[in-house]
1. Among the residues of the stretch 44-66, count how many are part of a helix (DSSP H, G or I) and either open to solvent by 70 Å² or more (accessible area, probe 1.4 Å) or farther than 30 Å from Ile99 by Cβ (or both).
2. Can you name every residue in the stretch 142-158 that is in contact with a strand residue (DSSP E or B) (Cβ under 9 Å, 6 or more places away or on another chain) and of a type outside the set (Ser, Thr, Tyr)?
3. Condition check: open to solvent by 50 Å² or more (accessible area, probe 1.4 Å) and within 25 Å of Thr102 (Cβ to Cβ). Does Ala79 satisfy that?
4. What pairs can you find where one residue is in the stretch 138-160 and on the phi < 0 side of the Ramachandran plot, the other is aromatic (Phe, Trp, Tyr) and surrounded by fewer than 16 Cβ atoms within 10 Å (Cβ to Cβ), and their Cβ atoms are less than 9 Å apart, with a gap of 6+ or different chains?
5. Could you list, in sequence order, the residues of the stretch 115-160 that are over 12 Å from the mean Cα position of the chain (by Cα), of a type in the set (A, V, I, L, M, F, W, C) and modelled with pLDDT under 80?
6. Does at least one position in the stretch 29-40 carry a residue that is buried (at least 17 other Cβ atoms within 10 Å of the Cβ) and not in a helix (DSSP H, G or I)?
7. Got a number for residues in the stretch 85-101 being β-branched (Val, Ile, Thr) and either open to solvent by 50 Å² or more (accessible area, probe 1.4 Å) or in contact with a Gly (Cβ under 6 Å, 6 or more places away or on another chain) (or both)?
8. Given the criteria touching a His at 6+ places or on another chain (Cβ under 9 Å) and under 19 Å from Val156 (Cβ atoms), does Asp120 qualify?
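The values are calculated or read from the model by the stated rules, or taken from the named source; none is laboratory data. The structure displayed is predicted, hence computed values, not measured ones. Ideal geometry is used to build each Cβ from the backbone, glycine not excepted, and the neighbour counts take in all protein chains shown. Note: accessible area is taken over every heavy atom of the protein model, side chains too, but ligands, DNA and RNA are not part of it. Shrake-Rupley method; radii C 1.70, N 1.55, O 1.52, S 1.80 Å.
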Amino acid sequence: MSLRSKMILGIGAILLAVIVAFALIALRYQAKYQQDLARRQAELIATVADRSLARAMGLGETAVVQSVLTRIGEHEGLAGIRIVDAAGRILRSSRPAEIGRTLTHAPRLDGGRAPAPVWDLETRSVGVFRPIFNAPPCAGCHPQSVQILGYLNVLVSFPP
């Protein structure tokens, strides 16, 4: 094999290695971007849902709370939205069949802070938890001694 052919093959191999490395880095960056986008979307939906549920919960209108969760849960890309207690038991859900079940991947839901997002790479979803604090309008249904009534859990799917 001539020196010229060896040079072409060597340079070609180096260029191929650089292209493959760049493609792998780009794919990892894109996957992380999609996951971060799903987490931010889940946090935004949790904020909006919290505000829309606050009035109905303050008035003790559980049917309206369930209706709002069902309606929000119809959004494309949303894997689910639910209200859970500190033990991870599902109290209300956009999927009524889940009510009464306990979350299998539940983080520690105590301490008053929102736990870190829960990533489920098998179902390709991220779940965020937002604490539901006991406020004066809640006094009709809940004792004032309880600071956190539960958590709003929003699950958003992210693409492969």
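1. 6
2. Matches in the stretch 142-158: His142, Gln147, Ile148, Leu149, Gly150, Leu152, Asn153, Val154, Leu155, Val156, Phe158.
3. no
4. Between residues of the stretch 138-160 that are on the phi < 0 side of the Ramachandran plot and residues that are aromatic (Phe, Trp, Tyr) and surrounded by fewer than 16 Cβ atoms within 10 Å (Cβ to Cβ), the close pairs are Gln147/Phe133; Ile148/Phe133; Leu149/Phe133.
5. Residues satisfying the conditions are Ala135, Cys138, Ala139, Cys141, Val146.
6. No, the stretch 29-40 contains no residue that is buried (at least 17 other Cβ atoms within 10 Å of the Cβ) and not in a helix (DSSP H, G or I).
7. Final tally of qualifying residues: 1.
8. It is true that Asp120 is touching a His at 6+ places or on another chain (Cβ under 9 Å) and under 19 Å from Val156 (Cβ atoms).
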